[in-house]
Amino acid sequence: MFDQAVSSGFNGLVVTRDYPKKLLSEKDVGTSRIIWLTNLVGEARVNPTAIGILMGQIRNFIETQGRTAIILDGLEYLVSLNTYDRMLQFMHQLRDLVVTNDCIFIVPVDPRTTTQRELALLERSMEPVVPRSEGESTDESMIHSSEDAVVRMLDIGPR
């Protein structure tokens with residue numbers, strides 16, 4: 001899904017918990033920018049508790065790059081270090097930014113890591129595009145997802 005958007009002309013932004021060199025060696029993300037969620041200081045790295053800084057970097061990317069496809073692969077990690085309510089507020093702000101700038105926003109979510117209520121609140125503001133049945137599992141990447149992916153992909157994009 002993400003790779004399709006990038007190949008069709010969207011500028012890609014990958015926000016991930018995965019080490020960027022490992023990600024680049026395993027997946028073709030083209031010229032997409034990568035933001036690594038880590039406590040380590042450095043370029044293209046954001047402390048996962050610094051939600052305001054992460055929002056600022058995403059906002060800046062959207063405003064300077066135009067048509068953007070964003071994948072946030074690390075929501076569970078962000079929730080584990082922040083409160084769910086804080087992350088839901090972050091997601092609502094990001095959703096507003098995405099819909100007003102004709103972007104695509106993809107958030108892989110493993111329903112096993114959230115309560116039904118938490119998942120319902122996310123689904124209320126985003127559209128599930130790759131539902132999965134309970135009990136399925138795979139290690140497939142969210143960047144190159146398929147119909148049998150473990151996660152539920154939530155997407156907000158041009159309609």
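Values quoted throughout were computed directly from the atomic coordinates according to the rules given, and no laboratory measurement underlies them. Since the model is a prediction, treat every value here as computed from it, not as a measurement. Cβ sites come from the backbone with ideal geometry, for glycine too, and all protein chains shown count toward neighbours.
Figures for the structure shown
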item	result
Separation between Cα centres of the range 29-57 and the range 1-26, rounded to whole Å	13 Å
Shape category assigned to the range 1-75 from the gyration tensor of Cα positions, a/c cut at 1.5	oblate
Linear extension gain, residue 59 paired with residue 8, 0.36 nm per residue minus alpha-carbon span	16.2 nm
Cα-centred dipole magnitude for the range 6-53, charges only on beta-carbon of K, R (+1) and D, E (-1), debye, nearest 20	80 debye
Ratio Rg/Rh [Cα only; Rh per Kirkwood] for the range 1-128	0.93
Placed amide H near residue 69: partners under 5 Å, 5+ positions off or other chain	11, 12, 13, 104
